[in-house]
Each structure stands twice: as structure tokens, then as C-alpha cells.
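> The structure under discussion is supplied below as C-alpha cells; questions concerning it will follow.
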Amino acid sequence: MALKGLRAKKRLLWQLLLCAFGVLGLYLYGLHIVRYLEGLVPMGICPTDTRPLLGDNFTGGLRHWARPEVLTCTSWRAPIIWDGIFDPHEAEQEARRQNLTIGLTVFAVGRYLEKYLEHFLESAEQHFMVGQSVVYYVFTDRPEAVPYIALGQGRLLRVEPVLRESRWQDVSMARMHTLHEALGGPLGQEADYVFCLDVDQHFTGNFGPEALSDLVAQLHAWHYRWPRWLLPYERDKRSAAALGLGEGDFYYHAAVFGGSVAALRKLTAHCALGQQRDRERGIEALWHDESHLNKFFWLYKPTKLLSPEFCWDQKIGWKPEIHCPRLLWEPKEYALVRN
């Protein structure tokens with residue numbers, strides 16, 4: 001009996017050692033291997049009826065067959081926009097025909113302003129809705145520090161002052177309330193569609209009218225192939241952002257979302273109210289406004305999804321399905337910008 005007990009202990013010791021070495025190996029060398037294997041996870045299959053949703057004339061007839069390796073539509077028939085499945089010229093012509101003005105909002109508070117804003121705006125002038133009427137809204141606590149950017153014809157920049165919060169989390173959480181107020185004011189009066197973006201990224205490819213729709217969500221670059229039970233939704237049932245284990249469709253990135261003024265008013269009101277209820281209960285969602293955004297998109301399905309090509313993180317490494325990144329994340333220097 002004593003001999004059997006000794007053998008069992010040795011076996012357990014070896015198992016623990018192997019697990020420890022395996023975890024260490026993945027930590028040191030295995031991220032790219034794991035990400036490569038992740039590419040083998042199927043994204044799902046489009047429903048038989050793949051007609052575009054009513055009211056979306058910008059992408060026309062989508063060539064779903066052109067990208068068989070990825071999911072190009074949702075179960076509720078919303079298109080997922082990947083490079084190669086749409087005609088960019090058709091989208092541009094439709095936007096010009098409707099004589100649209102497109103808003104682009106960005107928050108540059110504290111050190112985020114000098115670190116990221118100038119590169120963000122300069123790259124937007126090169127790639128965001130080129131040839132369209134655009135109005136930039138920069139929300140900042142230092143209006144006088146906003147850099148001068150040479151703008152193209154039909155493109156305007158407006159600076160809106162905001163208070164600087166004591167915590168970076170509060171800056172993120174206050175965004176939805178501020179956007180809701182702006183959409184009910186001058187921004188909502190002069191723009192037909194609006195995109196709301198984080199400042200710590202820059203444009204590298206054409207981000208055109210193919211992205212327009214009534215309610216637009218961005219697939220998160222780190223989570224678009226993960227099974228639903230692994231997605232980082234808010235799980236605390238006390239939170240207004242909470243989703244149950246059987247709930248959720250995709251995980252959406254709060255760095256990019258957009259839509260019509262009316263749809264975004266509804267979205268921002270929902271998120272701001274959820275954040276207020278959480279504060280009253282003394283809790284805070286895990287991923288702040290992004291958690292509430294994901295709850296909203298579960299309840300009210302987006303009419304168009306942007307593939308990770310529209311907001312990509314180079315730290316993930318090479319992926320064969322990422323043909324033409326439109327936005328790239330900047331290096332996250334939190335120790336610098338959040339202090």
C-alpha cells in the first residue's frame with residue numbers, strides 16, 4: 001500500500017511539472033501558435049437568405065462567395081463587411097447621391113491628446129470617407145491644445161470642451177452621456193451618420209461609405225473567432241450590462257461604433273442609463289462602456305457588422321483572413337497616458 005501511495009504521488013508530481021512547463025511554454029512562445037490554431041475554429045455559416053437588410057443601399061449586392069473562409073452575414077441577415085465582398089465605388093456613388101454629411105467623434109482627454117490626436121486626425125484625412133462631407137467632433141479638456149490639421153474641401157473640425165475626470169475609467173464611462181447630448185444638439189443636426197472612435201488608433205486603409213448603415217458594430221479583433229461561452233461579457237447579474245451564459249451573439253469593440261443619429265441616440269441613452277444604474281448600486285461593469293455596448297447590441301441587433309479588418313491589432317500577428325486593415329491600434333502605453 002505504501003509503495004502504491006508513493007507511485008501515485010510521483011505520478012501527480014510529474015503531471016504538475018508537465019502542466020507547469022506547458023503553461024510556461026505557452027506564456028513564453030505559444031501566443032502565435034495559439035492564435036494560429038484559433039484560425040481553425042469555424043466562424044459559422046450564413047443563412048440561406050443573404051439579401052442585405054432593408055434600408056442599406058451602400059454595399060448593394062454583396063459577393064458572399066468571394067470570402068468563403070469567413071462569416072459574411074449574421075443569423076439575422078446583417079452583412080459582415082470584409083474586403084472583397086463589396087464594390088467600394090458603388091458605395092461612394094450612393095453616398096454622394098444622398099448628399100450625406102458624416103460625423104466622426106473622438107475623445108482626447110489628458111495625455112491622450114498630445115500622444116494620439118494629431119496622428120489620428122491626419123490619417124483620417126487620408127482614409128476616412130474620402131470625397132465625402134465630413135465633420136470631426138473632438139471632445140477634449142484642453143481645446144487650446146488641439147493641433148492644426150489641414151482639412152480637405154467639405155470637411156470641418158469642431159472642438160467641444162469636456163471636464164477631465166479623476167479616473168480614466170470615468171472618462172470612458174462619461175463618453176456615452178456626452179455623445180447622447182451632442183447627438184441631440186449641433187452634431188445631430190449637421191450629420192446624417194456618425195462614427196464614434198477611440199483616439200489611440202490610426203487609419204491605414206480606406207474607411208468608406210461601405211461601413212454606413214442604421215446601426216453599425218465592430219467585431220473585436222481579439223475575440224471574433226472565440227466561442228460564445230468564452231467571450232468577456234459582463235457576468236455580474238447585479239450589473240445592467242450583464243449577459244447570461246446563453247446570451248450574446250458576437251463580442252463587439254467599443255473603439256468603433258456608428259449609425260444614424262436616431263439609432264445612436266437610442267444606443268447612447270441605453271448605455272448611459274445602464275451606467276447610472278450600476279453607479280447607484282455601487283458596481284462597475286468589467287469593461288465599462290464596452291460591456292454596456294455589448295448588452296445593447298444583444299437586445300437591439302446591429303444592421304451591419306464591420307470585420308476585424310476595420311479595427312486590427314498588429315500584436316495578434318499575421319492572419320490570412322485580414323487582407324486590408326483600415327484602422328490599426330496604437331501601442332497601449334497606459335502607464336504614460338492614464339496617470
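> So, in nm, how far is label Lys315 from label Arg142 when the simple model puts each one 7 Å beyond its Cα toward the Cβ?
Taking the simple label geometry, Lys315 and Arg142 are separated by 2.5 nm.
> For the range 87-195, what % of the accessible area comes from carbon and sulfur atoms, probe 1.4 Å?
Details: 2420 of 5240 Å².
About 46 percent, which is the carbon plus sulfur part of the accessible surface.
> Taking all protein chains in place and a 1.4 Å probe, what share, in percent, of the accessible surface of the range 221-265 do carbon and sulfur account for? Write out the running numbers ahead of the final one.
Values: 1100 of 1830 Å².
C and S fraction of accessible area: 60 percent.
> Counting only heavy atoms of the protein chains, get the accessible area per residue of the range 197-309 (1.4 Å probe) and round it to a whole Å² value.
Details: 3970 Å² over 113 residues.
Counting only protein heavy atoms, the per-residue value for the range 197-309 is 35 Å².
> What does the C-alpha gyration tensor say about the overall shape of the range 162-297? Classify as rounded when a/c is under 1.5, otherwise prolate if a/b is larger than b/c, or oblate. Intermediate results must be reported in sequence, preceding the final value.
Values: a/c = 1.65, a/b = 1.16, b/c = 1.43.
Oblate, since a/c reaches 1.5 and b/c is not below a/b.
> On a 1.4 Å probe surface of the protein chains, which of Ile316, Ile45 comes out largest in accessible area, and what is the full order? Present the calculation step by step, with values, prior to reporting the outcome.
Details: Ile316 5, Ile45 160 Å².
Accessible-area ranking of Ile316, Ile45, largest first: Ile45, Ile316.
> Could you please put Lys319, Lys332 in sequence from largest to smallest accessible area, using a 1.4 Å probe? Walk me through the intermediate numbers first.
Numbers: Lys319 10, Lys332 80 Å².
Of Lys319, Lys332, the descending order of accessible area is Lys332, Lys319.
> Straight-line reach from Lys319: which aspartates and glutamates fall under 15 Å, measuring Cα to Cα and dropping same-chain residues less than 8 apart?
Reachable aspartates and glutamates: Glu38, Glu69, Asp83, Glu309.
> Strictly over 21 Å apart at the Cα level, which of Lys266/Lys304; Lys115/Lys304; Lys115/Lys295; Lys237/Lys304; Lys237/Lys332 would you flag in this model?
Working: Lys266/Lys304 16 Å; Lys115/Lys304 31 Å; Lys115/Lys295 31 Å; Lys237/Lys304 28 Å; Lys237/Lys332 30 Å.
Too far apart for the 21 Å limit: Lys115/Lys304; Lys115/Lys295; Lys237/Lys304; Lys237/Lys332.
> Quick one: order Lys304, Lys315, Lys237 from most to least accessible surface, probe 1.4 Å.
Working: Lys304 0, Lys315 150, Lys237 190 Å².
Listed by decreasing accessible area, they come as Lys237, Lys315, Lys304.
The values are calculated or read from the model by the stated rules, or taken from the named source; none is laboratory data. Quantities reported herein were computed from a predicted structural model and do not represent experimental measurements. Note that we place each Cβ from the backbone using ideal geometry, even for glycine, and neighbour counts take in every protein chain shown. Side chains are part of the model used for accessible areas, which takes the heavy atoms of the whole protein and leaves out ligands, DNA and RNA. Shrake-Rupley method; radii C 1.70, N 1.55, O 1.52, S 1.80 Å.
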